[in-house]
Amino acid sequence: MILVTGGTGFIGNVLVRNLVSLGYPIRLLLNPSNETPRLPPGLAVDVAISSLDDERSIRASLKGIRTIFHLVGTESRGINAEFSAVDILSAKRLAVIAREMEIDRFFYLSHLGADRHSAYPYLKAKAEAEAAIIASGVPYTILRTAAVYGKNDHFTEVFARYIRVFPRFVPIPGDGSTKLQPLWVDDLATCLLLCFEDEGKRYSTVTIGGMESLSIEEILLMIMDELKIRKSLLHFSPVWHRQMIIALEQWFPRFPRSYFWTDYLAEDRITGIDVLPREFSLIPTRLSRNLAYLNERG
């Protein structure tokens, strides 16, 4: 059986659907909550309730489990992200318990640019989580991914809301030339499945991205084209842009949670354009041809 943390989220939902369609038995680890969990509709999955700081409950949840996909992260919470308590400590605790319980494989999603010496909290947290997983001794596969897009993402849909919220212009950090390599969520799920089936990917870190290296300005223009919106892009100093986003998220609870991107866009986040064809024999989807979901409602 396979355990998935974060299985009700954007990436987790797609991965779980793919695993179930292939006949794998799935158990979702859900955090205790007063809210009704958003379980993948129409899928037969097992459910375990446990917070990631409850070692006893985690051990009970791992009975009969051979593989873990750990997808939990807090970037979508904006200024309220809990990098130390969730992103780092949960990965460390889960990996250590997995090693003690002799789990066969531990998969973890990280980001391009993850670095323990990074000045950016989220990228530093991702690198520290990676290091904790490796140090645990559990057989791991870490995927450092480019920005992932698709319906209900924390990338294009956040920027679509960001574009709509400003009346005449859209503020962007710097000169807008920072390069990203958008990766379609279904392509990411395929890569995870191929890594799962490849024993040669044990104890390895794989970097993946889409087939296009695009500037953030190009991406915003593509999103505006899809939305049929015409607004000017206003270039801000990255420092002032960051302070503006922090203030807007504090003052307006419904403002798009875009704080993560103020750090992510500070540098290029790209890898080899040919990595998916070379490593996985997969031709990735182009961003410009796959944004129709931005106009969907509900």
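The values are calculated or read from the model by the stated rules, or taken from the named source; none is laboratory data. What you are looking at is a predicted structure, and each value in this text was computed from that prediction instead of being measured. All Cβ positions, even for glycine, are placed from backbone atoms using ideal geometry, and neighbour counts span all protein chains on display.
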*Among what's in region 257-271 and is touching a strand residue (DSSP E or B) at 6+ places or on another chain (Cβ under 6 Å) and assigned to a loop (DSSP other than H, G, I, E, B), pick the residue that is surrounded by the fewest Cβ atoms within 10 Å (Cβ to Cβ).*
D268
*Tell me, please, whether a residue that is among the β-branched types (V, I, T) and touching a Phe, Trp or Tyr at 6+ places or on another chain (Cβ under 9 Å) can be found in region 277-286.*
yes
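Per-residue answers, yes or no, for (1) within 23 Å of V148 (Cβ to Cβ); (2) touching a Gly at 6+ places or on another chain (Cβ under 7 Å); (3) surrounded by fewer than 21 Cβ atoms within 10 Å (Cβ to Cβ):
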residue	(1), (2), (3)
M101	no, no, yes
R105	yes, no, yes
L112	yes, yes, no
H117	no, no, yes
L123	yes, yes, no
K126	yes, no, no
A129	yes, no, no
*Which condition breaks for R254 when tested against (1) in a loop (DSSP other than H, G, I, E, B); (2) touching a Leu at 6+ places or on another chain (Cβ under 9 Å)?*
(2)
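Can you work out which of the residues in region 53-84 that are aliphatic (A, V, I, L, M) and within 30 Å of A247 (Cα to Cα) is modelled with the highest pLDDT?
Within region 53-84, the match that is modelled with the highest pLDDT is L71.
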*For region 48-68, which residues satisfy the criterion of being within 17 Å of I26 (Cα to Cα) and part of a loop (DSSP other than H, G, I, E, B)?*
S50, L62, K63, G64, I65, R66
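Matching residues to (1) at pLDDT below 90; (2) in a loop (DSSP other than H, G, I, E, B):
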site	(1), (2)
V206	no, no
E212	no, yes
M224	no, no
I229	no, yes
H235	no, no
R242	yes, no
I245	yes, no
*Hits in region 1-18 (condition: outside any strand (DSSP E or B) and either hydrophobic (A, V, I, L, M, F, W, C) or free of Cβ contacts under 8 Å to residues at least 12 places away in the same chain (or both))*: M1, F10, I11, V14, L15, V16
*Among the candidates S288, S258, S281, residue that is free of Cβ contacts under 8 Å to residues at least 40 places away in the same chain and either touching a helix residue (DSSP H, G or I) at 6+ places or on another chain (Cβ under 7 Å) or small (G, A, S) (or both)*: S281
*Residue that is surrounded by the most Cβ atoms within 10 Å (Cβ to Cβ) [pool: residues in region 132-159 that are in a helix (DSSP H, G or I) and within 18 Å of the chain's Cα centre (by Cα)]*: I133
*Does region 154-166 contain any residue that is touching a helix residue (DSSP H, G or I) at 6+ places or on another chain (Cβ under 9 Å) and under 30 Å from E102 (Cα atoms)?*
no
